[in-house]
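This report refers to the structure that appears directly beneath it.
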Amino acid sequence: MGAMMASIASELLFFLPFILLALLTFYTTNAAKCHGAHRRWLRPTKKKRPNLPPGSSGWPFVGETFAYLRPHPATSVGRFMEQHVARYGKIYRSSLFGERTVVSADAGLNRYILQNEGRLFECSYPRSIGGILGKWSMLVLVGDAHREMRAISLNFLSSVRLRAVLLPEVERHTLLVLRSWPPADGAFSAQHEAKKFTFNLMAKNIMSMDPGEEETERLRLEYITFMKGVVSAPLNFPGTAYWKALKSRASILGVIERKMEDRLEKMSKENSSVEEDDLLGWALKQSNLSKEQILDLLLSLLFAGHETSSMALALAIFFLEGCPKAVQELREEHLEIARRQRQRGESKLSWEDYKEMVFTQCVINETLRLGNVVRFLHRKVIRDVHYNGYDIPRGWKILPVLAAVHLDSSLYEDPNQFNPWRWKGNVPSSFMPYGGGPRLCAGSELAKLEMAIFLHHLVLNFRWELAEPDQAFVYPFVDFPKGLPIRVQRIASEGPTVLTESTPMSS
């Protein structure tokens, strides 16, 4: 009985912040109109009643938020989704985060939502996200403001820049991380290494901050605190994750602002030879953004470009460790690429080498499908929608659950199994790991490039195994509870790049 009570108490402590979040959201969005809306629904009306999707509202105020956010393995949709889809179908209504909500596990509706962004649906993340990422963050902006910010990001991440600048930078940062790995029998966190790799890469390309420097390390530690607050309840009093994250946000913005001031000073000097090819310089020279807009843009891209890519890479390491056949085929593909490099007398990967990584792309797609780093998206209905016989009223929240589609057995055979060979055909339209429509992730091509280059050097130089059992869970962010501890063994590389101290590391 004591153990049971302790378990219940632990559950309540976990969900307490979300209770308060739901109550706060409910009162700020609905309290002013709640009484009038209640009377309108009760009194007789000639207007046809909407044919809402089936479902339930759960508890007053908090709805079904507890069950929806309950932790579960990342390779599943969780008990809540399984039970609701089985009972109501792939489109159902609920009450989540203090709002009336339609949840979609339907591939067609999800695609319809993303393609009609700005016409029928609008991005609508919780207010706390904007409070911590900033009101000019691309994640929360809508309309023309979002299009302007996205255009700047797309220009900076153009295919020309990916080939000429970012590919060699990704390879350089990959080698820096892999060369630091301990010898055999030394266990370490693969998740931590993946996060270090992506953070250092983004810090370099956003603000020309070099890995290993004291300022870069301080920023990385602040960013860890910041990230914990992004996914926490917005309880702004001393000691909470959200409060700590707001303080870290201020520290991070202070670093970015100092970098901006230094850059402006250098740019103002005549005949200045300093030409940092980073996003900060790009935004200052190529845009009319205000100081506040640039600060939020850089902060949000550091967030978006670091967190999702690092988790996808950690998941790939995890899935491959359990699939030796895939590792073998991957290694054979990269050995062939390395042989062609050697024949050309080159020591660095080229864009043509990257385009030859065909099976690698299959591994990446399968990792994104099965791991689902981005589980669902927040949208709001801005015009009444009629879909598949259901009415979805304006003002309701709607959540397209990408993970539910990617793990749908009617679309993917044995969906809970890691099977990269399923991607040797055409990519189905139901596969949307980076969203879609006008809000398709601007950094999706960079994210795939990072994974491919890292896997190239990983399989050519290492064998690895789990040091102890671990598994990715959804909290609702994806995370390995133990950090994915692994042990590695170096192998003789047949490629031109061997992980030794003499490996060239020039920028």
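The values are calculated or read from the model by the stated rules, or taken from the named source; none is laboratory data. It should be emphasised that the depicted structure is a prediction, and the values quoted were computed from it without experimental measurement. Here the Cβ is made from the backbone with ideal geometry for all residues, glycine too, and neighbour counts use every protein chain on show. Surface areas here come from the heavy atoms of the whole protein model, side chains and all, with no ligands, DNA or RNA. Shrake-Rupley method; radii C 1.70, N 1.55, O 1.52, S 1.80 Å.
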Quiz item: Quick check: anything in segment 74-82 loosely packed, with under 12 Cβ neighbours inside 10 Å, of a type outside the set (Ser, Thr, Tyr) and either closer than 29 Å to Asp408 by Cβ or at pLDDT 95 or above (or both)?
Solution: yes
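Which of the residues belonging to segment 241-254 are over 22 Å from Ala283 (Cα atoms) and either crowded, with 19+ Cβ neighbours inside 10 Å or not charged (D, E, K, R) (or both)?
If the condition is that a residue be over 22 Å from Ala283 (Cα atoms) and either crowded, with 19+ Cβ neighbours inside 10 Å or not charged (D, E, K, R) (or both), then Ala241, Tyr242, Trp243, Ala245, Leu246, Ser248 are the ones that fit.
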Practice problem: Identify all residues within segment 204-245 that are over 19 Å from Leu176 (Cα atoms), in contact (Cβ under 8 Å) with a residue 12 or more places away in the chain and of a type in the set (Gly, Ala, Ser); write none if there are none. | Solution: Gly229, Ser232, Ala233, Ala241, Ala245
Practice problem: Enumerate the pairs (first residue in segment 255-267 and closer than 16 Å to Glu292 by Cα and open to solvent by 60 Å² or more (accessible area, probe 1.4 Å); second residue anywhere and of a type in the set (A, V, I, L, M, F, W, C) and modelled with pLDDT under 90) with beta-carbon separation below 9 Å, excluding pairs fewer than 6 apart on the same chain, so at least 6 apart or on different chains. | Solution: Leu264/Leu284
Practice problem: Check off (1) open to solvent by 50 Å² or more (accessible area, probe 1.4 Å); (2) modelled with pLDDT of 95 or more; (3) closer than 25 Å to Gln115 by Cα; (4) out of contact with any Ser or Thr (no Cβ under 6 Å at 6 or more places or on another chain) for Asp408 and give me the number that stays unchecked. | Solution: (1)
Exercise. Could you list all residues from segment 85-101 that are closer than 20 Å to Leu407 by Cα and in contact with a Gly (Cβ under 8 Å, 6 or more places away or on another chain)?
Key: Tyr88, Tyr92
Self-check item: Checklist (1) at pLDDT 90 or above; (2) surrounded by 18 or more Cβ atoms within 10 Å (Cβ to Cβ); (3) among the hydrophobic types (A, V, I, L, M, F, W, C); (4) assigned to a helix (DSSP H, G or I) applied to Val160, failing item
Solution: (2)
Quiz item: Do any strands (runs of 3 or more DSSP E) lying entirely in segment 84-146 carry at least 2 residues that are surrounded by fewer than 17 Cβ atoms within 10 Å (Cβ to Cβ) and in contact (Cβ under 8 Å) with a residue 60 or more places away in the chain, and which ones are they?
Solution: none
Practice problem: Mind listing whichever residues of segment 223-279 are modelled with pLDDT of 85 or more, part of a loop (DSSP other than H, G, I, E, B) and of a type in the set (Val, Ile, Thr)? | Solution: Thr240
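For segment 41-56, check the following and say yes or no: at least one residue is under 18 Å from Phe376 (Cα atoms), outside any loop (DSSP other than H, G, I, E, B) and not hydrophobic (A, V, I, L, M, F, W, C).
Scanning segment 41-56 turns up no residue that is under 18 Å from Phe376 (Cα atoms), outside any loop (DSSP other than H, G, I, E, B) and not hydrophobic (A, V, I, L, M, F, W, C).
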Quiz item: Can you tell me which residues in segment 209-240 are closer than 27 Å to Val62 by Cβ and open to solvent by 40 Å² or more (accessible area, probe 1.4 Å)?
Solution: Lys228, Val231, Asn236, Phe237, Pro238, Gly239
